[in-house]
1. Among the residues of region B:88-97, is there at least one that is in a helix (DSSP H, G or I), surrounded by 19 or more Cβ atoms within 10 Å (Cβ to Cβ) and more than 14 Å from chain A (Cβ to nearest Cβ)?
2. Within the bounds of region A:108-115, is there any residue that is within 14 Å of another protein chain (Cβ to nearest Cβ) and free of Cβ contacts under 8 Å to residues at least 40 places away in the same chain?
3. For A:Gln151, only one of the following conditions fails: (1) away from chain B (no Cβ under 13 Å); (2) more than 20 Å from the chain's Cα centre (by Cα). What is its number?
4. Go through (1) assigned to a helix (DSSP H, G or I); (2) surrounded by fewer than 17 Cβ atoms within 10 Å (Cβ to Cβ) one by one and return the number of the condition B:Asn177 breaks.
5. Those residues that are within 7 Å of another protein chain (Cβ to nearest Cβ) and either among the basic types (Lys, Arg) or within 17 Å of A:Lys210 (Cβ to Cβ) (or both), I need them from region A:289-327; list them, please.
6. Just for region A:482-506: of the residues that are in contact (Cβ under 8 Å) with a residue 40 or more places away in the chain and over 19 Å from A:Val588 (Cβ atoms), which one is surrounded by the most Cβ atoms within 10 Å (Cβ to Cβ)?
7. If I ask for residues that are over 11 Å from A:Pro211 (Cβ atoms) and assigned to a loop (DSSP other than H, G, I, E, B), which ones from region A:232-254 would you list?
Amino acid sequence: MNNEITGAEIVLKSLTEQGVEVVFGYPGGAVLPIYDTLFKQNSIKHVLVRQEGGAIHAAEGYARSTGKTGVVLVTSGPGATNVVTGLTDAMMDSVPIVCITGQVPQHLIGSDAFQECDTTGITRPCTKHNYLVKDVNKLSSVFHEAFTIAQNGRPGPVLIDIPKDVQFASGIYEEKNKIIIPSHRLFEPSPDFEKNKIEEAVGLIANAKKPIFYIGGGCINSGPKASKLVREFINMVGSPVTMTLMGLGVVGSSDKNSLGMLGMHGMYEANMAMHECDVMINIGARFDDRVTGRLDAFSPNSKKIHVDIDESNINKTINVDVPVIGDVKQVVEKMITVWKEKKFQIDDKALKLWWDKINKWKEVDCLNYNNEGKQIKPQYAVQRLYELTKNTKTFITTEVGQHQMWAAQFYKFEKPNRWLTSGGLGTMGYGFPAAIGAQVGHPDALVVDIAGDASILMNIQEMSTAVQYRLPVKIFILNNEYMGMVRQWQELLHGGRYSESYTDSLPDFVKLAESYKAVGLRAKTTDDLDDVINQMIETKNTVIADIWVTKEENCFPMIQSGSAHNEMMLSKDQKQDKKSAEKGKILV
Amino acid sequence: MNKSVYDSPDQVSETKRHILTVLVDNEPGVLARVIGMFSGRGYNIDSLNVAEVSNDENISRITIVTHGTSEVVSQIEKQLLRIVPVHSVTNLDQEGSSVEAEVALVYIYISDTNKKKVYQLCDFYRARKIENENNTTIFEIAGASERVNRFIREINEITKVEIVRSGPVAISSIQKNEEE
């Protein structure tokens, strides 16, 4: 009896059994057998990108908008090195990815063969785990383990490097349920282990006078049910809540308890509340430096609860009082049970005083900007985009920079998984391919990449991909002809010497769109803006909307590096004291 | 040592030497994963030793000597546990009592004038001469690192030597009941 199939067939069979619907990739010499097998089947769709870097960001966008695992297929050597940025991005932002790379045949490994590189060596620090598969009979078990590891615990990217001879070799396929993964290779929550901690945490919340929930991307990774439970629990407590960049959407922007985003460009009231709270409940966030500001002045008088699935995040930068290691969904569910069982009720009077204080901070109106004249303010452009798309199922992706922060501040998210941005790594060029991935996952939804003129050029070649697959992705460029955030830092910290931050010789974005047979639109003044946005939404084609915005607008409020939550700059006129500015300058 | 550019205020504990024993799946790249975690995150490795310890289960034991504040060492332990093929991490200092030992091989340049002194010292430290086909004076000394250090210091005062050391290995000395 011969049950043997080729390695390449095992790859496809594994993907099919794992329920993979789409693969983002780019062919090359060392993956030709897999592409040949792909050609002979119909169950898995392949999206051909124009550079491998685009493939992995597209897979990230697909994964984060659908909750499924993103799959990437690229060749050896440059194919593999081009995905390194995306792997690191997925690692930082905990996105489940399985990346398949071809490798030169085994007898050539180590000989500096054509398109050879040490893929597993290069990607070791930027993947959750990686494999070099030398035996075709291990291929299916490696795939099934890889998918489990990518999704399990704190999700992340896993890479499988397959030499070409293994793709050609014949071997046995093993089904998913035949594979036993040893428990030490996975995160396994012990259901009762944290019970005491959860009771301690809930007790602490019940006795709080000035509580604040600090919600991160972990709540989104834990699935839609987690967000629902988090909202429910916060409502029961009646506490204010702030979200990180990655956590936007967990609690709706219009929720009465929401203070919006916190951190470097977060809301004044959110940062002040973090600074002055007495109990902080961190759920699925990791005290990132964009959030904490100066560590020795971070929320000095609070007891801190930290719920995280990754134990290494506990006490990494901020020491906490009650750590709870586990999945958000399960932990918060138990918290709710304990709260109900013990009939906890927070001190109403104290809570009211706390809200009064917060409402005072809200009066500062930290997002206020001067919106006079016909020139489009970038903030206004995002506000209009929100108003004109809020009743449509909309996914927003961004690149990295000022436009990203304005999007986070001015676009109001009501649901999880609708906001895709590169938070940890801060990858310019993420947004457009991520939008392609999101559109592939949600063909009928509106997907808008809010971009900057500099960022969009980093993966502009993917226009070809978007048009080829008839993906009606909208690129909404806030065009100020600058690398805006670089320019802003140069203005604030480097004496206004705008070293290399002016993007000279920009393309004509309308013509650029047209050259790809997409649609190009332009808004030069506030008079054009709404028409352009409406036209963009109605066009059933890939669109670049080139929005000319005021060139030297800064993104405020801002906690400058090295400053604390209660030292926010609300405008340019409010200068930071010189000493802490100097100290902060060396920080990123 | 503080890794973050944002200085943390509450790092007050002192830097101490720690011995970590790490059980790992014996698969390709596992040592690189462990070492890469240390270099990538800016931790120190004073010495490292790895060998297969169980034939049936394909498990290796890595012994790492590191130093750092208790916060840093606790972070090292947690980062090690994130590595997929890592089974367990034990900090022998926190376990309580443990024994440690290392081996050094010492090639001693010997002459008629120092011969007597060399042999006396080796005898005193119970360093054993290793027979070899060229009949050169290579001695083996095993024991606690401190003892090996002393031996090397003293032999260096007498003559020129070449040294190779294994770095310490260690095991918990706490009484355990045999399971099964």
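The values are calculated or read from the model by the stated rules, or taken from the named source; none is laboratory data. What you are looking at is a predicted structure, and each value in this text was computed from that prediction instead of being measured. Cβ coordinates were reconstructed from backbone atoms using ideal geometry, including for glycine residues, and neighbour counts include every protein chain displayed.
1. Of the residues in region B:88-97, the ones in a helix (DSSP H, G or I) are B:92-95.
Imposing the further condition that a residue be surrounded by 19 or more Cβ atoms within 10 Å (Cβ to Cβ) reduces the set to B:92.
Retained after the next criterion (residues that are more than 14 Å from chain A (Cβ to nearest Cβ)): B:92.
Yes: region B:88-97 contains one or more residues that are in a helix (DSSP H, G or I), surrounded by 19 or more Cβ atoms within 10 Å (Cβ to Cβ) and more than 14 Å from chain A (Cβ to nearest Cβ).
2. Step one: of region A:108-115, the residues within 14 Å of another protein chain (Cβ to nearest Cβ) are A:109-110.
In the following step, the residues that additionally are free of Cβ contacts under 8 Å to residues at least 40 places away in the same chain were identified as A:110.
Within region A:108-115, one or more residues are within 14 Å of another protein chain (Cβ to nearest Cβ) and free of Cβ contacts under 8 Å to residues at least 40 places away in the same chain.
3. Only one criterion in (1) away from chain B (no Cβ under 13 Å); (2) more than 20 Å from the chain's Cα centre (by Cα) is unmet by A:Gln151, namely (2).
4. It fails just one condition, (1).
5. Selection gives A:Arg294, A:Lys316.
6. Among those that are in contact (Cβ under 8 Å) with a residue 40 or more places away in the chain and over 19 Å from A:Val588 (Cβ atoms), it is A:Tyr482.
7. A:Thr244, A:Leu248, A:Gly249, A:Val250, A:Val251, A:Gly252, A:Ser253, A:Ser254
Results for (1) part of a helix (DSSP H, G or I); (2) in contact with a strand residue (DSSP E or B) (Cβ under 7 Å, 6 or more places away or on another chain); (3) surrounded by 17 or more Cβ atoms within 10 Å (Cβ to Cβ), shown as yes or no for each residue.
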{"residue": "A:Leu12", "(1), (2), (3)": "yes, no, yes"}
{"residue": "A:Thr16", "(1), (2), (3)": "yes, no, no"}
{"residue": "A:Val20", "(1), (2), (3)": "no, yes, yes"}
{"residue": "A:Ala30", "(1), (2), (3)": "yes, yes, yes"}
{"residue": "A:Asp36", "(1), (2), (3)": "yes, no, no"}
{"residue": "A:Ser43", "(1), (2), (3)": "no, no, no"}
